[in-house]
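A.B. asks: I'd like to ask some things about the structure below.
The values are calculated or read from the model by the stated rules, or taken from the named source; none is laboratory data. In this text the structure is predicted, and so the values were computed from the model without any measurement. We place every Cβ from the backbone using ideal geometry, glycine too, and count neighbours over all the protein chains shown.
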Amino acid sequence: MSSEVKITPLKEWLEETFSKEFLEESEKQYMRAAIEGRDTRIAELESRLQDYEDDYKSTVNEKCDPEKDDRVHCTCVPHLKRRIKELEDRINKAPLLYGIYTSGKLQGVTPDGERAEGYKNCVIKPVRVVEPEDV
């Protein structure tokens, strides 16, 4: 004894139950509310981001009192430490190459540390090449 239960897809049920005009108007109202909610949230986030940027700029531009211990009293320290950490992370993620030095000056880089053709009396040391940031 098998009894099949007919499952009606939601869209089909809605179309059978409500008029086309009602469904279209409901969909429009729903979309308008979603767009208004999204726009409101975007405006809130933009305002918060601007507050953070303003706070950061005013903190970093603040001149520290040389008489005080900056590590304790200066409000820019946490921001600067975070920036140092960001830059250290960029350096650590940069590819390791080998620098070719002559007379203490970097002349070029090689990926394997072996090929230093054209350079006499050169020193080869590991270096990390970091691309400049977009400002």
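A.B. asks: Could you please give the count of residues in segment 1-57 that are under 30 Å from V77 (Cα atoms) and of a type in the set (S, T, Y)?
C.D. replies: So the count comes out to 3.
Results for (1) closer than 30 Å to K125 by Cβ; (2) modelled with pLDDT of 80 or more; (3) in a helix (DSSP H, G or I), shown as yes or no for each residue.
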| residue | (1), (2), (3) |
| --- | --- |
| S3 | no, no, no |
| K28 | no, yes, yes |
| R48 | no, yes, yes |
| S58 | no, no, yes |
| K63 | no, no, no |
| P66 | no, no, no |
| L80 | yes, no, yes |
| K85 | yes, yes, yes |
| G99 | yes, no, no |
